[in-house]
Amino acid sequence: MRLSRSASWFLLAFGVWSWFIWITFVKNLWNDASGLAFDDAGDPTGYFWVHLLLAVTSFLLGTAIGVIGLRGVRALKRERDEK
């Protein structure tokens, strides 16, 4: 399968964006002072674990999507260089 240049760059940008957003989210989750992520004893709550699972899943999907985009960009560059 061959990806277009715009699709490849979009997927790569999505992967980078996903990492940026979710790293910021995990930092905010870790430093949560509202009482949602950690109880009064400082132990993680269900809210923390669910959102950490969402972040890890998004990291993995963002990485996979970004790698697909990167491979598409590299293939297009290789194809252009061969001409």
**Prompt:** Which cross-chain or sequence-distant (5 or more) residues have an amide H under 5 Å from the amide H of Phe38, H modelled 1.01 Å from N in plane?
**Reply:** Thr45
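FRET efficiency for Asp32 and Val67, Cβ-Cβ distance as r, R0 = 25 Å, nearest 0.05? Don't skip to the end; give the middle numbers.
On the way: r = 31 Å, r/R0 = 1.24.
That gives a FRET efficiency of 0.20.
Any idea what % of Cα-Cα pairs in the chain are farther than 19 Å?
On the way: 1748 of 3403 pairs.
Across the chain, Cα pairs with separations above 19 Å total 51 percent.
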**Request:** Work out from phi, with θ = phi - 60° and the Karplus expression 6.51 cos²θ - 1.76 cosθ + 1.60, the ³J(HN,Hα) of each residue of the stretch 19-28, listed in order in whole Hz, and give x for Gly and Pro.
**Result:** 4, 4, 5, 6, 5, 4, 4, 5, 4, 5
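Accessible area per residue, 1.4 Å probe, Å², for the chain: what's the number? Let's see the in-between values first.
Details: 6290 Å² over 83 residues.
Per residue, the chain has an accessible area of 76 Å².
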**Prompt:** Using heavy-atom solvent-accessible surface (probe 1.4 Å) with all chains present, what is the largest-first order of Leu70, Leu36?
**Reply:** Leu36, Leu70
**Fill in**
Full extension between Ile21 and Tyr47 adds, at 0.36 nm per residue less the Cα distance, a length in nm of 7.5 nm
**Complete:** With -39,500 (n - 2.57) per DSSP H segment of 4 or more residues and division by the full residue count of the chain, the 222 nm estimate, nearest 500 deg cm²/dmol, is -27500 deg cm²/dmol
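Can you pull the percent of the chain's accessible area that's carbon plus sulfur, 1.4 Å probe, other chains left in place?
Answer for the chain: carbon and sulfur cover 68 percent of the accessible area.
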**Message:** How many angstrom lie between the Cα centre of the stretch 40-73 and the Cα centre of the stretch 19-38?
**Reply:** 12
**Message:** I need the phi-derived Karplus couplings for the stretch 36-42: 6.51 cos²θ - 1.76 cosθ + 1.60, θ = phi - 60°, integer Hz, Gly and Pro marked x.
**Reply:** 6, 7, 10, 7, 4, 7, x
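How high is the relative contact order of the chain, in percent, with contacts defined as C-alpha pairs under 8 Å that are six or more residues apart?
Relative contact order, the chain: 52 percent.
The values are calculated or read from the model by the stated rules, or taken from the named source; none is laboratory data. Just so you know, these numbers come straight off a predicted model, no measurement behind them. For neighbour counting, all protein chains shown are included, and Cβ atoms are generated from backbone atoms with ideal geometry for every residue, glycine included. Heavy atoms of the whole protein, side chains included, go into the accessibility calculation; ligands, DNA and RNA do not. Shrake-Rupley method; radii C 1.70, N 1.55, O 1.52, S 1.80 Å.
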